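To start, the structure itself, in structure tokens.
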Amino acid sequence: MTRNWHELFVDRGALSEGHFLLSSGRHSPAYVQCAKVLERPADAEALGQTLAQRVAGLAVDRVVAPPMGGILIGYEVARALGVPFLFPERDESGALALRRGFSLPQGDRVVVVEDVVTTGLTTREVLQLVRTKGGTPVGLMALVDRSEEHHVDGLPVQAVLQLQFPTFSPEGCPLCADAVPLTKPGSRAVVSGAR
Ligand code: ZN
């Protein structure tokens, strides 16, 4: 049975529509907070299973996911595939590195899992780390693909949801022009009302 994942995201408050102030300072008519769709372990497990099915034929050895957002869903994908999971962390220089005694066996076939792929910047960094350590990225998955290209470093993004919504500068925001109250995600506070 195919679940309506979009509905699940909305039900769990992971996908909201309105008028949001993003951390970038831009305004958006929608906001995604993947942590909310992973709040219930049964949902996280089901999402991990549906992503794992897409790489079932790829003989995956290991799952790698960047902190913080990727860790829960990456772990669930690893559980569904029955393979080990590891995560990199930023070192003193700010670069992603394997710490805590994690290592990547030479030639391991690796699936990289993200919560959201937008610009692909972090994803590209994880893929590079995997290659540097001798692994071979064979798959790239995300809960939400918000990218325009739908692939990073030649790997297609396999996502539960593909979401495309515009962002606006405050000056060019049509929602501001319509005096829709602006909210800051994660809080219930209304940042500004009608102008
Ligand atoms: Zn606005």
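The values are calculated or read from the model by the stated rules, or taken from the named source; none is laboratory data. Bear in mind the structure is a predicted one, so any value in this text is a computation, not a measurement. Note that each Cβ is placed from the backbone with ideal geometry, even for glycine, and that neighbours are counted across all protein chains shown. Just the protein is used for accessible areas: all its heavy atoms, side chains included, with ligands, DNA and RNA removed. Shrake-Rupley method; radii C 1.70, N 1.55, O 1.52, S 1.80 Å.
Observations, loosely collected:
- When peptides 23-32, 139-148, 162-171 are sorted by average Cβ neighbour count within 10 Å, with the highest value leading, the order is 139-148, 23-32, 162-171.
- Relative to the dominant Cα principal axis of the chain, helix 41-53 is inclined by about 60°.
- Hull volume in cubic angstrom per residue (convex hull over the Cα atoms of the chain): 136 Å³
- Per-residue ellipticity at 222 nm, computed for the chain from helices alone with -39500 (n - 2.57) per DSSP H run of at least four residues, works out to -7500 deg cm²/dmol.
- Accessible surface of the stretch 5-177 [probe 1.4 Å, protein heavy atoms]: carbon and sulfur percent: 49 percent
- Alpha-carbon centroids, the stretch 13-56 and the stretch 67-122: separation in whole Å: 18 Å
- Positive minus negative residues near Ser28 (Lys, Arg vs Asp, Glu; Cβ under 13 Å): +2
- Counting charges near Asp108 (Lys, Arg +1; Asp, Glu -1) among other residues having Cβ under 10 Å from its Cβ returns a value of +2.
- The stretch 46-121: trypsin sites (Lys or Arg not before Pro) in DSSP loop, at most 12 other beta carbons within 10 Å: Arg99, Arg100
- Ratio of the Cα radius of gyration of the stretch 52-120 to 2.2 N^0.38 Å, where N counts its residues: 1.11
- Mean separation of Cα pairs under 8 Å and 6 or more residues apart, divided by the residue count, gives the stretch 5-177 a relative contact order of 21 percent.
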